[in-house]
Amino acid sequence: MQLTPYLIFNGQCKEAFTFYEQCLGGKIVAMFAHKDTPVAEHVSAAAQDLIMHARLAVGDAVLMGSDSPPEMYEREEKPQGHYVSLHVDTPTEAERVYQALAEGAEVRMPLQETFWAQRFAMLVDRFGTPWMINCEKAG
């Protein structure tokens, strides 16, 4: 079994996944706008450029997402009640990822040492995605 986070955006999916690809060192392996799919004729003109599905591979992990129809985002699909938890191997990698994600973000807990981690932080990035960055202590 594999658990895969699926993020919902308010029109920023392409921009967010392009940023995550660079920030996390992954590779976008799929990204489809509604206009490029067989359902294009069933989607409003305003939604044609919205992303229907995106898939980012980061090592063995996968992150997926799409844009929500604008009328549904605030009412039903605005991110809440979750974090994407990112586990890194070194404090240097935690600091690099934190600096990238923190740009324009709401920092809820700055990157710091805790009793369980060499580095830990919590933030909501500029796209509205909540992240936890964790670099555990050895042992």
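The values are calculated or read from the model by the stated rules, or taken from the named source; none is laboratory data. Here the structure is a predicted model, which means the values were calculated and not measured. All Cβ positions, even for glycine, are placed from backbone atoms using ideal geometry, and neighbour counts span all protein chains on display.
Using the structure shown, decide if E103 is at pLDDT 95 or above and closer than 27 Å to G139 by Cβ. No, not satisfied.
Of everything listed in (1) out of contact with any helix residue (DSSP H, G or I) (no Cβ under 9 Å at 6 or more places or on another chain); (2) under 22 Å from A94 (Cα atoms), the single unmet condition for E71 is (2). Taken together, V97, V58, V88, V29 contain a single residue that is β-branched (V, I, T), modelled with pLDDT of 95 or more, within 24 Å of C135 (Cβ to Cβ) and not assigned by TED's automatic domain parsing to the domain that holds T129, which is V58.
Residue pairs whose Cβ atoms lie under 7 Å apart, separated by 6 or more positions or on different chains, with the first residue in region 1-23 and over 18 Å from A33 (Cα atoms) and in contact (Cβ under 8 Å) with a residue 60 or more places away in the chain and the second among the aliphatic types (A, V, I, L, M) and in a strand (DSSP E or B), are T4/V62; T4/M64; P5/L63; P5/V84.
Only strands (runs of 3 or more DSSP E) whose full extent lies in region 79-136 are considered here, and the ones with at least 1 residues that are hydrophobic (A, V, I, L, M, F, W, C), within 13 Å of the chain's Cα centre (by Cα) and under 30 Å from P69 (Cα atoms) are 84-87, 117-124, 130-136. Would you confirm whether or not region 105-116 contains a residue that is surrounded by 13 or more Cβ atoms within 10 Å (Cβ to Cβ), polar (S, T, N, Q) and more than 28 Å from A47 (Cα to Cα)? Yes, region 105-116 contains a residue that is surrounded by 13 or more Cβ atoms within 10 Å (Cβ to Cβ), polar (S, T, N, Q) and more than 28 Å from A47 (Cα to Cα).
Take region 41-53 and flag every residue that is modelled with pLDDT of 90 or more and either more than 19 Å from I8 (Cα to Cα) or part of a helix (DSSP H, G or I) (or both). Reasoning before the result, please.
Of all residues in region 41-53, those modelled with pLDDT of 90 or more come to 41, 48-53.
If the condition is that a residue be modelled with pLDDT of 90 or more and either more than 19 Å from I8 (Cα to Cα) or part of a helix (DSSP H, G or I) (or both), then E41 is the only one that fits.
Between T4, T18, the distinction of being modelled with pLDDT under 95, outside the structural domain of G104 (by TED's automatic domain parsing) and outside any strand (DSSP E or B) belongs to T4 only.
For region 1-55, what are the residues that are among the hydroxyl-bearing types (S, T, Y) and closer than 16 Å to V84 by Cβ?
Applying the first criterion (among the hydroxyl-bearing types (S, T, Y)) to region 1-55 yields 4, 6, 18, 20, 37, 44.
Selection gives T4, Y6, Y20.
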